[in-house]
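Chemist: What follows is a single structure, and I will ask about it in a moment.
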Ligand SMILES: Cc1cc2nc3c(=O)[nH]c(=O)nc-3n(C[C@H](O)[C@H](O)[C@H](O)COP(=O)(O)O)c2cc1C
């Protein structure tokens, strides 16, 4: 049976949709056969999605120094239903921030530390004026997670 990779991404703009799509494209790269990828906006994702996943990629904008309200709502709904069930879940985080990103990183890391999810790498912070390299970085992140899950590295 294929392993499940869940991508929960807040994408309110063309740029953030390009980042989300790049993560998904990377996760579905040629040669990765054993991973089923599900992409959901935070408001449509819930505990059942997380419980079914072997890995999760979180994506958010930084809004007013914190993660998007939509991603926070996702955490509010999944936290207790998942707390005892998903410890050790490998996760990755990317943040699109106009000029900072640190408040969002801290906010997400506080929550996932409580959940005892396991970061596969430091957060990818796509900060400042939008650059094409953000898209490439997000694509690479998707591939890294999917390939690592497939290989049983994470
Ligand atoms: C209401 C609002 C609040 C924002 N607050 C922050 C912030 O605190 N820190 C930051 O780095 N960017 C902030 N931004 C910028 C967004 O992170 C950025 O516009 C968003 O990620 C979309 O990226 P894009 O313009 O490339 O599509 C804010 C944007 C909006 C609309």
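Chemist: Once every DSSP H run of n ≥ 4 in the chain is given -39500 (n - 2.57) and the sum is divided by its residues, what mean residue ellipticity at 222 nm do you get, rounded to the nearest 500 deg cm²/dmol?
Modeler: Working: 5 runs with 68 residues, N = 154.
After summing the helix terms and dividing by residue count, I get -14000 deg cm²/dmol.
Chemist: Where Rh denotes the Kirkwood radius from the mean inverse Cα pair distance, what is Rg over Rh for the range 1-102?
Modeler: Working: Rg = 13.6 Å, Rh = 14.1 Å.
Computed over Cα atoms, the ratio is 0.97.
Chemist: Let me ask you something else. So between residue 151 and residue 118, what do we pick up on full extension, going 0.36 nm a residue minus the alpha carbon distance?
Modeler: Additional length available on full extension: 10.2 nm.
Chemist: A further question on this structure: Modelling each spin label as a point 7 Å along the Cα-to-Cβ direction, I'd like the residue 133/residue 110 distance in nm, to one decimal.
Modeler: 3.1
Chemist: Another question, then. Between the range 47-96 and the range 122-149, what is the separation of their alpha carbon centroids in Å?
Modeler: Taking the Cα centre of the range 122-149 as reference, the centre of the range 47-96 is 17 Å away.
Chemist: Now a separate question. For residue 66 and residue 99, calculate 0.36 nm times their separation in residues minus their Cα-Cα distance, and state this gained length in nm to one decimal. Please list the in-between numbers first.
Modeler: Values: separation 33, 0.36 × 33 = 11.88 nm, distance 1.23 nm.
The residue 66-residue 99 span can extend by a further 10.7 nm.
Chemist: What residues of the range 48-63 lie in the reach of a label at residue 25, counting those whose backbone N is under 14 Å from a point 7 Å from the Cα along Cα→Cβ?
Modeler: Zone members listed by number: none at all.
Chemist: Could you order the peptides 137-147, 112-122 from most to least packed, using the average number of other C-beta atoms within 10 Å per residue? Don't skip to the end; give the middle numbers.
Modeler: Working: 137-147: 21.8, 112-122: 14.7.
Packing order, densest peptide first, comes out as 137-147, 112-122.
Chemist: Assuming R0 = 22 Å, what is the FRET efficiency of residue 83 and residue 3, from their Cβ-Cβ distance, to the nearest 0.05?
Modeler: Details: r = 22 Å, r/R0 = 0.99.
For R0 = 22 Å, the calculated efficiency reads 0.50.
Quick note: the coordinates plus some simple rules give every number you see, no bench work behind them. Not measured: the values here are computed from a predicted model. Ideal geometry is used to build each Cβ from the backbone, glycine not excepted, and the neighbour counts take in all protein chains shown.
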